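**Q** Below you will find the structure I want to go over with you.
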Amino acid sequence: MNDSPRSPVSGDRPATPRWVKGLGIGIVAVLLLVVIVMVLNGGQHGPGMHTGMSDATGRPCSAAGRGTGDPAVADQAARSIDIIANDSLTVAPYSVSVAAGETVTFVVTNAGRNVHEFTVGDEAMQREHADAMAHMPAAMSHELPNSIALQPGDPKRLTWRFGQAGSLVFGCHEPGHYDAGMHDSISVS
Ligand SMILES: [Cu+2]
């Protein structure tokens, strides 16, 4: 009871009890920790992190709630699928089959001399990404968990946990490439 607050009525200057100071420091420390964790999480696109994903119009460019799946970490992938992008504006193989709920790492190689990219999603996500590419610098538009930019020679990886059965698409949204046929289908069953 030595630390109990003294009553101001007694005429003494009201002193802040030590336990109140300790509590204050504790709260500040917890708040700091929360802020640090939020900043760290915001700086990466791990599983289930859909913050900050929108195109130039502010519309969401997220897979959340669509059943198309989520970004995942490579450790969770049971297998990898090799994808080759090239300057004849094709991506091979022409179709990919995965199981609903399966986590796959795409190992995408740019075999051409031009920049390509690899975006996975349903038709709507592909259209959104095309919009984003048209309105943003390439570097910004690729701050997305379902898309990677590929410099010539780059092998890059994108791990995706597929959602429900359906038909998805992978393709390249460098200007003109997608419409020229640089996209193929992913069958999720
Ligand atoms: Cu391309």
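The values are calculated or read from the model by the stated rules, or taken from the named source; none is laboratory data. None of these values were measured; they are calculated from a predicted model. A quick note on method: Cβ atoms are made from the backbone with ideal geometry, for glycine too, and the neighbour counts reach across all protein chains shown. Keep in mind that these areas ignore ligands, DNA and RNA; they rest on the heavy atoms of the full protein, side chains included. Shrake-Rupley method; radii C 1.70, N 1.55, O 1.52, S 1.80 Å.
**Q** Could you go through the range 141-157 and let me know if any residue there is more than 11 Å from the ligand (Cβ to nearest atom) and among the acidic types (Asp, Glu).
**A** For the range 141-157, residues more than 11 Å from the ligand (Cβ to nearest atom) and among the acidic types (Asp, Glu): present.
**Q** Among the residues of the range 109-129, write down those that are within 12 Å of the ligand (Cβ to nearest atom) and more than 16 Å from the chain's Cα centre (by Cα).
**A** Passing the criteria: Asn110, Ala111, Gly112, Arg113, Asn114, Val115, His116.
**Q** Within the range 149-189, which residues are closer than 15 Å to Val115 by Cβ, among the charged types (D, E, K, R) and in a strand (DSSP E or B)?
**A** Lys156
**Q** Write out, first by first residue and then by second, each pair whose Cβ atoms fall under 8 Å of each other, whose residues are 6+ apart or on separate chains, and whose first residue, in the range 161-173, is assigned by TED's automatic domain parsing to the domain that holds Val96 while the second is within 11 Å of the ligand (Cβ to nearest atom) and in a loop (DSSP other than H, G, I, E, B).
**A** Listed pairs, sorted by first residue: Gly171/His177; Gly171/Tyr178; Gly171/Met182; Cys172/Leu89; Cys172/Tyr178; Cys172/Met182.
**Q** Could I ask something else about it? Mind checking whether some residue in the range 89-105 is out of contact with any Pro (no Cβ under 9 Å at 6 or more places or on another chain), open to solvent by 10 Å² or more (accessible area, probe 1.4 Å), at pLDDT 90 or above and within 16 Å of the ligand (Cβ to nearest atom)?
**A** Yes: one or more hits.
**Q** If Ile83 passes every condition in (1) aliphatic (A, V, I, L, M); (2) closer than 22 Å to Gly166 by Cα; (3) open to solvent by 10 Å² or more (accessible area, probe 1.4 Å); (4) within 12 Å of the ligand (Cβ to nearest atom) but one, which one does it miss?
**A** It is condition (3) that Ile83 fails.
**Q** Do we find that Arg127 is surrounded by fewer than 23 Cβ atoms within 10 Å (Cβ to Cβ) and in a helix (DSSP H, G or I) in this structure?
**A** It is true that Arg127 is surrounded by fewer than 23 Cβ atoms within 10 Å (Cβ to Cβ) and in a helix (DSSP H, G or I).
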